[in-house]
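Asker: The structure is given below, and queries will be raised subsequently.
A short reminder: the numbers here are calculations on the coordinates, not readings from a lab. The structure displayed is predicted, hence computed values, not measured ones. As a convention, Cβ positions derive from the backbone with ideal geometry for all residues, glycine included, and neighbour counts pool all protein chains shown.
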Amino acid sequence: MIFDSHAHYDDEAFDEDRVMVLKELKENHIIGVLNCGASIEGARASVNLAKENDFFYAAVGIHPEFADKFDDSMLKELEELADCEKVRAIGEIGLDYFHEENPSREIQKKVFRTQMQLAKKLSLPVVIHDRDAHEDTLNILKEFPEVKGVVHCFSGSVEFARECLRIGYYIGITGVVTFKNAKKVVEVVKEIPMDRLLVETDCPYMAPVPYRGKRNRSEYIANIIETISSIRSISVEEVQDNTIKNARELLKIK
Ligand code: NI
């Protein structure tokens, strides 16, 4: 059994066969999926997927890539969407300094803080996107000690992981851990306490080996779990059980 803590099944990569894929996920023992909005359209679509599929949950938020589109009416709509009981997090939100064409750092930080504030107000956890912005991300997370969440698709060092763990965050591991050149995240996986580890697809992207480059889907998390179990020399079941328990705890799923 698998809980996919970060997916984008609203993505156009699934437009052709979404109904079939979701049916197969359920048949293949995917017991939970957190579908994360990136845009306001993605947030709406995530809520709809969660309403239509019992094993789906939604996160609503605006990705830093779209921070320049963020305004008061969007903030209001996110809050209204979060009224649905299947919405279990605010996300994905954060900072992305990797792509030069992204909105300015100042705009990204402002929109990130506004959405952290929303999470605090609604007592919801957050799903954090951090790319090449570790220090600024951590500083903003520390401004909101009441808020907890997951740093998804973790790409930082062991030292950065320790800082995130220390302030109560979970660490999300994607297919990157199965890549040949994945030295940094392998070191991180050795460090994370088992009660803070989450697994995710970030589908349609980030497919693990041997599906690297293909459209990703939640069943492939089995390969991530297998890799983690061999890195830590523990059983596949132990990784499965812990990651499911952790996702349920973070998202308050009974
Ligand atoms: Ni994502």
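Asker: Modelling each spin label as a point 7 Å along the Cα-to-Cβ direction, I'd like the K110/K180 distance in nm, to one decimal.
Answerer: Placing both labels 7 Å along Cα→Cβ, they lie 4.6 nm apart.
Asker: Now for a different question. How much of the calculated P(r) for the range 115-186 lies past 21 Å, in percent of all Cα pairs?
Answerer: Percentage above 21 Å: 24.
Asker: Leaving out same-chain residues fewer than 8 places away, which aspartates and glutamates sit with a Cα under 20 Å from that of K86?
Answerer: In chain and number order, the partners are D4, D10, D11, E41, E52, D54, E77, E200, D202, E249.
Asker: Next question, about the same structure. Would you mind getting me the FRET efficiency between S73 and M20? Use the beta-carbon distance for r and R0 = 45 Å, nearest 0.05.
Answerer: Given R0 = 45 Å and the Cβ-Cβ separation, E is 0.80.
Asker: Dividing the alpha-carbon radius of gyration of the range 95-143 by 2.2 N^0.38 Å (N being the number of residues), what value is obtained?
Answerer: 1.13
Asker: Which whole number in µm²/s is D for the range 1-45 by Stokes-Einstein, with the Kirkwood Rh taken over Cα pairs at 37 °C and 0.692 mPa s?
Answerer: D, rounded to a whole number, is 296 µm²/s.
Asker: Something else now. Rg to Rh ratio, the range 56-154, alpha-carbon atoms and Kirkwood radius?
Answerer: My calculation of the ratio gives 0.94.
Asker: Ratio of Rg to Rh for the range 108-244, alpha carbon only, Kirkwood?
Answerer: That ratio is 0.97, to two decimals.
Asker: Sorted from largest down, give the three principal axis spans of the alpha carbons of the range 10-94, whole angstrom values.
Answerer: That works out to 41, 26, 19 Å along the principal axes.
Asker: According to a simple spin-label model (label point 7 Å from Cα along Cα-to-Cβ), what is the distance in nm between E249 and K148?
Answerer: 0.7
Asker: Between S39 and M194, what FRET efficiency follows from the Cβ-Cβ distance if R0 is 35 Å, with the result rounded to 0.05?
Answerer: Between S39 and M194 the formula returns 0.55.
Asker: Loop-only check: which trypsin sites (Lys or Arg not before Pro) in the range 193-239 are DSSP coil with at most 16 other Cβ within 10 angstrom?
Answerer: When the trypsin sites (Lys or Arg not before Pro) of the range 193-239 are filtered for loop state and at most 16 Cβ neighbours within 10 Å, R212, K214, R215 remain.
Asker: On the Cα set of the chain, report Rg and Dmax in Å, please.
Answerer: My reading of the Cα-based Rg and Dmax gives 16.7, 49 Å.
Asker: Which entries in the list K51/K142; K110/K148; K26/K252; K190/K252; K69/K109 go over 24 Å, if you measure between the two C-alpha atoms of each?
Answerer: Among K51/K142; K110/K148; K26/K252; K190/K252; K69/K109, the Cα-Cα distance tops 24 Å for K51/K142; K190/K252.
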